[in-house]
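Notes follow once the structure below has been shown.
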């Protein structure tokens, strides 16, 4: 299930590297990118406490998304804030891996995959 998510994330990253836009101009898919960033932050935290030995994998995925999209100013800040919101929100709730945390991981991977598919279908060239 993770391989399709990563493949779609990479595809989205490549597709979203559009010609330079006006500084801080909102793109029609910014809301989805912010949600995807929040999901990546959530997974970065939850997969860490559930002992998946992935290290900075999800943070690196977020960095790859930011690098591919190359947002500036407020757009970049919103993406990073989404990642941090996802991480911090679950950090306040879970201190150890629980069955609920495992379910949340599965659901967030599914949601992230759906967002990736939808963005690719809608905005890919």
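All of the numbers you see were taken from the coordinates with simple rules; none came from a lab. Quick caveat, the model's predicted, so the values are computed rather than measured. Glycine also receives a Cβ, built like all others from the backbone with ideal geometry; neighbour counts cover every protein chain displayed.
In nanometres, what is the gap between the two model label sites at residue 81 and residue 63, each 7 Å from Cα along Cα-to-Cβ?
Reported label-point gap for residue 81 and residue 63 is 2.4 nm.
How big is segment 30-123 on each of its three principal axes, counting only the C-alpha atoms and giving the largest first in Å?
Rounded to whole Å, the extents work out to 36, 27, 20 Å.
Could you give the nm distance between label points at residue 103 and residue 26, where each point is 7 Å from its Cα heading toward the beta carbon?
3.4
Provide the gained length on full extension for the span residue 118 to residue 56, in nm with one decimal, where the gain is 0.36 nm per separating residue minus the Cα-Cα distance. The partial results should precede the final answer.
Details: separation 62, 0.36 × 62 = 22.32 nm, distance 2.58 nm.
My answer for the length gained is 19.7 nm.
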